[in-house]
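Below: the structure, in structure tokens.
The values are calculated or read from the model by the stated rules, or taken from the named source; none is laboratory data. If you're wondering where the values come from, they're calculated on a predicted model, not measured in any experiment. Glycine also receives a Cβ, built like all others from the backbone with ideal geometry; neighbour counts cover every protein chain displayed. These accessible areas exclude ligands, DNA and RNA; they are computed on the full protein's heavy atoms, side chains included. Shrake-Rupley method; radii C 1.70, N 1.55, O 1.52, S 1.80 Å.
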Amino acid sequence: ISAQVTERMLDTLDDVTTGKDALIAADFGYGLFGPELVSGLNQIVQSHELSYYIDVSSGGASNLLSFESPTAAFPSEEELRFAFGDQESGLSHLAVKYFDETNAENLILTLGNQGAVVFYPPSGDVGERASPTEYLPALRQHSVDPVGAGDIFLSGYVGLNLCQSEVASSM
């Protein structure tokens with residue numbers, strides 16, 4: 001998108017996020033998130049202290065690694081591997097690299113009909129760091145129509161996370 005459209009989008013997002021709790025950035029592989037838009041989004045999220053959730057497909061010009069400090073990122077295994085140009089390393093190794101490069105709070109790796117793996121920030125000494133994980137099995141092995149399944153998963157996660165934050169802040 002042009003520089004003018006990017007600027008208008010960022011101005012609008014800055015206005016509409018005032019008083020909000022979260023921002024979800026999803027691109028579906030169309031390459032919407034160029035460097036200027038991502039940089040502006042990172043600034044808006046930081047200035048408004050928003051939770052920040054990202055789902056960026058590998059087919060476009062967007063790069064999963066360019067989003068700073070997301071609350072959670074939702075790539076597929078293919079998208080995570082694409083971001084690093086790495087088809088050989090183990091998923092835990094790629095997760096540690098992802099946390100090191102983005103300062104993310106969570107990484108939820110979607111695995112289609114096999115479910116998802118939640119990675120938490122790594123602990124331990126450099127070189128021996130591990131990322132704690134939880135496996136979430138798919139509720140249904142043979143989906144009738146998987147289109148939008150990841151989007152629903154992301155929405156449910158965001159809703160649950162915001163509810164938990166609200167409960168925690170009221171105590």
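Apart from one condition, THR102 fits all of (1) closer than 20 Å to GLY159 by Cβ; (2) of a type in the set (Val, Ile, Thr); (3) in contact with a Phe, Trp or Tyr (Cβ under 9 Å, 6 or more places away or on another chain); the exception is (1). With the structure loaded, tell me whether PHE119 is over 10 Å from the mean Cα position of the chain (by Cα), aromatic (Phe, Trp, Tyr) and surrounded by 15 or more Cβ atoms within 10 Å (Cβ to Cβ) or whether it fails that test. Against the criterion (over 10 Å from the mean Cα position of the chain (by Cα), aromatic (Phe, Trp, Tyr) and surrounded by 15 or more Cβ atoms within 10 Å (Cβ to Cβ)), PHE119 qualifies. Confirm whether GLU7 is open to solvent by 60 Å² or more (accessible area, probe 1.4 Å), of a type outside the set (A, V, I, L, M), assigned to a helix (DSSP H, G or I) and under 25 Å from ILE152 (Cα atoms). Considered against the rule, which asks whether it is open to solvent by 60 Å² or more (accessible area, probe 1.4 Å), of a type outside the set (A, V, I, L, M), assigned to a helix (DSSP H, G or I) and under 25 Å from ILE152 (Cα atoms), GLU7 comes out as no. Take the conditions (1) farther than 23 Å from LEU160 by Cβ; (2) open to solvent by 20 Å² or more (accessible area, probe 1.4 Å); ILE44 misses just one of them, which is (2).
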